[in-house]
Every structure is written in structure tokens, then in C-alpha cells.
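See below for the structure under consideration.
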Amino acid sequence: MTEEFLSPKQVAAEYPMLGTPSALAERRWRGEGPAYIKTGKGRAGRIFYRRSAIEKFLTECTVTPRRAA
């Protein structure tokens, strides 16, 4: 299976619970959110997310509630 790479705009469209592209940028700045790839240094680098990294991040964020006693 080939790995799929998504731009922040694509991530926001396909995973609206992660927010807008600017919300994703803020998460990167704070060191939070899914792992990402940056193709260059500074503002020149383009950002991509592996679909598998997004799915892993969402799985790690999943909360299984305990049943009330």
C-alpha cells in the first residue's frame, strides 16, 4: 500500500475535527497535533501530513468513557 500525503488544506477538508489550515499551523507552532513533514527550512518549506500519522493521532486522542457505576 502506498503512503498518501496531504496538504494542510486537504487535511482540514477531510478531517474537519482538526480545524482549519491556520489551526493546524498553530498546532505545529505549539508542538501539538499530528506529525508532519516540512520540505524545507523557514517559511519556504511546504507542509505535508501522512494520512497514517493523522489516523494515529486521532486514535491516540480517542477517549473511551468508563461506564457509570
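The values are calculated or read from the model by the stated rules, or taken from the named source; none is laboratory data. As the structure is a computational prediction, the values presented were derived from the model and not from experiment. Because the Cβ atoms are built from the backbone with ideal geometry, glycine has one as well, and the counts that use them run over all protein chains shown.
The table below lists the values:
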{"item": "Scan of the stretch 38-51 for residues that are in contact with a Ser or Thr (Cβ under 8 Å, 6 or more places away or on another chain) and part of a helix (DSSP H, G or I), ordered by number", "result": "none"}
{"item": "Residue match in the stretch 52-63 (condition: surrounded by fewer than 16 Cβ atoms within 10 Å (Cβ to Cβ), at pLDDT below 95 and not in a helix (DSSP H, G or I))", "result": "yes"}
{"item": "Residue list for the stretch 19-51, filter: surrounded by 14 or more Cβ atoms within 10 Å (Cβ to Cβ) and either touching a residue at least 40 places away in the same chain (Cβ under 8 Å) or basic (Lys, Arg) (or both)", "result": "27, 28, 47, 48, 49, 50, 51"}
